[in-house]
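No value in this document is a laboratory result; all are computed from the given coordinates. These figures come from a predicted structure and were not determined experimentally. Here the Cβ positions follow ideal geometry from the backbone for every residue, glycine too, while neighbour counts run over all protein chains shown.
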Amino acid sequence: IIGDHEMAKVTKDSITVTDFEGGPVEKEVMKVTWDEEAAEKGGFEDFMLKEIFEQPKAIKETLRGKLRASGGVTLEDLDFSREEIALFNKIVILACGTSYHAGLIAKKAIEKWVGVPVEVDISSEFRYSDPFLDDAALVIAITQSGETADTLASVREAKRKGAKVIGVTNVLGSTITREADASLYTHAGPEIGVAATKTFVCQIALLFAFALYMAEARGTLEIGEIQTIQAELEKIPGWIEEILEEKEVVEAVSKAVSSCEDFLFLGRGVGLPVALEGALKLKEISYIHAEGYAAGEMKHGPIALIDEGVPVVVVVTASQTHEKILANVQEVKARGAKVIGIASNGDDEAEKVIDHVLYVPSASEIVSAILAVIPLQLLSYYIAKIRGCNVDQPRNLAKSVTVE
Ligand code: M6R
């Protein structure tokens with residue numbers, strides 16, 4: 001990895017790294033396991049579709065070796081001892097875009113399983129907010145590329161204030177791995193499509209494993225409870241395969257709504273960040289205006305936007321607010337909206353009120369988040385394709401945002 005104020009001469013047979021005065025710089029040799037095939041489309045029409053279909057494998061790779069058969073989590077990458085992790089009384093998650101949404105989902109898991117407060121902030125806000133932080137706070141910076149300028153700047157700010165930082169990234173040797181005190185890696189393989197898909201679900205799976213690790217360290221879950229959640233995590237790849245098998249159903253729904261120019265995405269609890277992510281995916285690759293909103297907030301303003309031309313996409317997977325969100329669906333339907341719902345298998349109530357239901361396997365409330373996002377990725381993909389958009393390289397966007 002080339003650091004600041006260094007340069008490299010690469011020939012067919014050798015690589016030499018020097019500083020700008022020509023002085024030699026010693027470098028550690030790292031083996032990157034990504035192969036050429038991983039950076040090709042492999043028969044898929046686009047990288048984005050390929051990456052959506054790679055999600056089961058990517059999650060398996062990310063969780064490989066972490067979930068102990070006897071119950072509990074091993075995090076070999078983590079340069080903190082279990083005892084050190086147990087001492088943190090507050091967690092601050094920093095990220096941008098899709099990685100920020102992964103942080104919002106991780107917050108739900110950490111607060112429920114570990115019982116420590118978690119704040120999630122957008123890196124570009126955090127870095128200028130003069131945040132209160134001390135050495136009791138653990139900062140988790142999520143960045144698939146490891147190069148997002150605002151996230152790196154917020155990490156520097158957090159360290160300046162005395163906090164310890166764990167970086168969560170998909171790229172070995174990226175800048176975040178050098179700036180953070182410790183790193184955790186998603187093993188999603190290279191993600192070439194600008195829209196983050198497989199790295200997002202891997203971030204969530206990895207942070208679920210981290211939450212269990214911390215719960216074990218602090219003794220906040222019984223071993224039986226840890227084993228139950230672990231068993232669900234192990235099922236995620238197979239569950240995602242089941243969802244992907246239904247891609248034609250999502251494609252048909254996409255055709256029905258692809259000419260609409262405004263969409264609303266609604267969720268409650270852990271379904272809210274899923275809705276935010278669904279809206280972000282749609283706007284970035286199809287250029288359709290899409291807003292993600294807390295379903296309970298509709299009557300405080302956004303419901304005024306609803307008419308027959310504004311499809312509403314609602315995450316209604318099993319949750320403690322399931323009845324409440326179905327009531328929100330009735331409210332938007334009464335104003336003429338066409339509703340697309342992401343529901344858990346066997347949810348007969350959803351079918352009664354929702355026009356197009358896309359089902360996902362039934363899982364616990366928190367784990368459902370990682371499943372509910374898959375039909376939303378497919379929905380945005382098919383809508384964008386129908387509209388003739390370049391899904392891999394949407395206008396105005398770069399894969400890594402290395403400037404402020
Ligand atoms: O590399 P990072 O995870 O730090 O990137 C953060 C955002 O730029 C990224 O998630 C962006 O929002 C994606 N285009 C979303 O699909």
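Tabulated values for the structure
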item: Highest-fluctuation residue, PHE44, PHE53, PHE20 considered, GNM on the chain with Cα pairs under 10 Å; result: PHE20
item: Charge dipole magnitude, Cβ of K and R +1, D and E -1 - the chain, Cα centre, debye nearest 20; result: 340 debye
item: Amide H within-cut-off set for LEU184, under 5 Å, with H built and near neighbours excluded; result: GLY167, VAL168, THR169
item: Cα-based helix-to-principal-axis angle, 247-257 vs the chain, degrees rounded to 10; result: 60 degrees
item: Virtual spin-label span in nm between LEU305 and VAL32, 7 Å along Cα→Cβ; result: 3.9 nm
item: Highest average packing first - 182-193, 296-307, Cβ atoms within 10 Å; result: 182-193, 296-307
item: The chain: relative contact order as a whole-number percent, Cα under 8 Å and 6+ apart; result: 17 percent
item: Between 0 and 90°, nearest 10: helix 97-113 axis offset from the chain longest Cα axis; result: 90 degrees
item: Candidate lysines for bridging to LYS385, where Cα separation is under 17 Å - those fewer than 8 sequence places away on the same chain excluded; result: LYS41, LYS50, LYS247, LYS255, LYS281, LYS283
item: ³J(HN,Hα), Karplus 6.51/-1.76/1.60, whole Hz, each residue of the range 226-236, x for Gly, Pro; result: 4, 4, 5, 5, 4, 4, 5, 4, 5, 7, 3
item: Relative packing of 72-83, 350-361, which averages over residues the other C-beta atoms within 10 Å, highest first; result: 350-361, 72-83
item: In range of the label at GLU6: residues from the range 146-181 whose backbone nitrogen is under 14 Å from the point 7 Å along Cα→Cβ; result: 173-179
item: Nonlocal amide H pairs with VAL92, under 5 Å, H built at 1.01 Å; result: GLU119, LEU138, VAL139, ILE140
item: Cα-based Rg and Dmax for the chain, where Dmax is the largest Cα-Cα distance (Å); result: 21.5, 72
item: Protection-proxy order for peptides 330-336, 369-375, each taking the mean of Cβ atoms within 10 Å per residue, highest first; result: 369-375, 330-336
item: THR402 paired with LYS255, simple spin-label distance in nm, labels 7 Å along Cα-to-beta-carbon; result: 4.3 nm
item: Cα-projected label distance for GLU242 with GLU111, points at 7 Å along beta-carbon direction, nm; result: 2.9 nm
item: Folded to 0 to 90 degrees: helix 198-218 orientation relative to the chain principal axis, Cα; result: 70 degrees
item: Under 5 Å, built H, 5+ apart or other chain: amide partners of VAL25; result: VAL17, THR18, ASP19
item: Sum of -39500 (n - 2.57) over DSSP H runs of 4+, divided by residues of the chain (222 nm, nearest 500); result: -13500 deg cm²/dmol
